[in-house]
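Encoded as structure tokens, the structure appears first; notes follow it.
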Amino acid sequence: MSKYQRKDIATKVIHAGAHADKETGAVTAPIYQTSTYVQSSPGKHQGFEYTRSHNPTRTRLEECLAAIENGKFAIATASGMSATTLLMHMLPKDSTVICGDDVYGGTYRLFTTVFKNTHRFIFTDTTNTAELKKIIQKEKPQLLWLETPTNPMLKITDLAVTAEIAKAANVITVVDNTFMSPYFQNPLNLGIDIVVHSMTKYINGHSDVVGGAIILNKKSLYDQLWVLQNSIGPSQSPFDSWLVLRGIKTLAVRMRTHEANAKLIAEFLEKHKMVEKVIYPGLPSHPQHEIAKKQMKGFGGMITFFIKGGIKNSRKFLETVELFSLAESLGGVESLIEHPAIMTHASVPAPIREKLGIKDNLVRISVGIEDAQDLINDLKNALKAISN
Ligand code: P1T
């Protein structure tokens, strides 16, 4: 357990895992860019044998990740998807997994292609906890996979209620906390067993690394996952671990600005005549706004909205914005914009997308930390272009 356990996350991101280098006193973590380590006699080493298994730079990052999610253990992986893959390998063959119906398109693809032969997946709207309870009792799953807020519809599941339902049925709960980052939401505090992140997003925050993380408290599950990561080999490289350690230091200041900007932009969009509907957890119009207030410390930097006029207008709007880069991904300092139906969620079959509301006029933005008024002006110009 980190000695920074009782400190605020703004302190943890800077100090957890960031002790001065013993050899030189260097204030920043050294990059141990090595694949292997000398042994003085066969089997006699300093705790490091081979970098797939252990690396001191990655260990520092894992210490920091555990501290900021209020967990005991963390595993840093080479991508968000490899973190998810490890967790799926933890389950025995023929396990049942209940998964939120609106998840990142890549997660949906992984479950419905790679793991469909070994596990049974049931997709359901987990915001309906009464229905979820019934499904859990009927289907007796081994694991419940949640995103909250979901990607891209930003639906919110009550985590405390869900954790209680799952615990009573002996189901392992996993929350992909990528959209909130550990700054705005800590699922382990609410009784969830395992937290997953795509560190590619807010945790690293600079769109220059792909990475993933698993954070948890239960030693038996950690030991199982560690053996899997050592056997399968998705561990994060020393250099990428170092880049994340560098990026993570500003998580608190970045998240505050992402949110302040997103709030202003969501309010602007909600009033605009070319916008049909805005989904942002911080708006009172969000269907689970009250749950968001209860379980999140803030509402984050992701906004989803519907443009009036269908695909033609959406395309023109996306081609016209200048400060918002048209690109997949999210959570970086720069603002990004994308079209989920064509881009991030193309692997979700069209009828399912339609049912979830991922329509052709749906646009998702990841609000960066640029000046809020500049961002609003950019959106205003692009909306003007389609209203002419
Ligand atoms: O890209 P990777 O680091 O492997 O993470 C996958 C992932 C996992 N979970 C969530 C909630 C995600 O949003 C992602 C990746 N998402 C995008 C690339 C995107 O634009 O939505």
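The values are calculated or read from the model by the stated rules, or taken from the named source; none is laboratory data. No experiment lies behind these values; they were computed from the predicted model shown. Here Cβ is always computed from backbone atoms with ideal geometry, including for glycine, and neighbour counts include all displayed protein chains.
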Among the residues of the stretch 309-357, the number that are of a type in the set (D, E, K, R), assigned to a loop (DSSP other than H, G, I, E, B) and within 22 Å of the chain's Cα centre (by Cα) is 2
- Is there a residue in the stretch 289-302 that is aliphatic (A, V, I, L, M) and farther than 20 Å from GLY100 by Cβ? no
Given the conditions (1) free of Cβ contacts under 8 Å to residues at least 24 places away in the same chain; (2) within 14 Å of the ligand (Cβ to nearest atom), every one holds for HIS339 apart from (1)
Expected output for the stretch 22-43 (first residue touching a residue at least 24 places away in the same chain (Cβ under 8 Å), partner among the aromatic types (Phe, Trp, Tyr), Cβ below 7 Å, 6+ apart or cross-chain) is ALA29/TRP242; ILE31/PHE239; ILE31/TRP242; GLN33/PHE239
In the stretch 316-344, anything under 25 Å from MET255 (Cα atoms) and of a type in the set (Val, Ile, Thr) is listed as VAL321, VAL333, ILE337, THR344
Quiz item: Taking the stated definitions as given, is ALA327 closer than 23 Å to TYR202 by Cα, in the same structural domain as PHE299 (by TED's automatic domain parsing) and among the hydrophobic types (A, V, I, L, M, F, W, C)?
Solution: yes
Somewhere in the stretch 49-62, is a residue among the aromatic types (Phe, Trp, Tyr), more than 16 Å from the ligand (Cβ to nearest atom), at pLDDT 95 or above and over 27 Å from ASN189 (Cα atoms)? yes
Selection over the stretch 358-388 where residues are outside any helix (DSSP H, G or I) and either within 16 Å of the ligand (Cβ to nearest atom) or charged (D, E, K, R) (or both) yields a count of 12
So, first residue on the phi > 0 side of the Ramachandran plot in the stretch 203-223, second residue of a type in the set (Lys, Arg) and away from the ligand (no atom under 16 Å from the Cβ), Cβ within less than 7 Å, six or more apart or across chains; the pairs are GLY205/ARG254
Sole miss for HIS286 among (1) touching a strand residue (DSSP E or B) at 6+ places or on another chain (Cβ under 9 Å); (2) in contact (Cβ under 8 Å) with a residue 60 or more places away in the chain; (3) surrounded by fewer than 20 Cβ atoms within 10 Å (Cβ to Cβ) is condition (3)
Counted residues in the stretch 157-185 being more than 14 Å from the ligand (Cβ to nearest atom) and assigned to a loop (DSSP other than H, G, I, E, B) come to 4
(1) within 12 Å of the ligand (Cβ to nearest atom); (2) buried (at least 18 other Cβ atoms within 10 Å of the Cβ); (3) more than 20 Å from MET255 (Cα to Cα); (4) among the small types (Gly, Ala, Ser) all hold for SER347 apart from (2)
Expected single match for surrounded by fewer than 18 Cβ atoms within 10 Å (Cβ to Cβ) and more than 23 Å from GLY309 (Cα to Cα) among SER241, SER220 is SER220
Of the residues in the stretch 299-308, those that are over 29 Å from TYR183 (Cα atoms) and assigned to a loop (DSSP other than H, G, I, E, B) come to LYS308
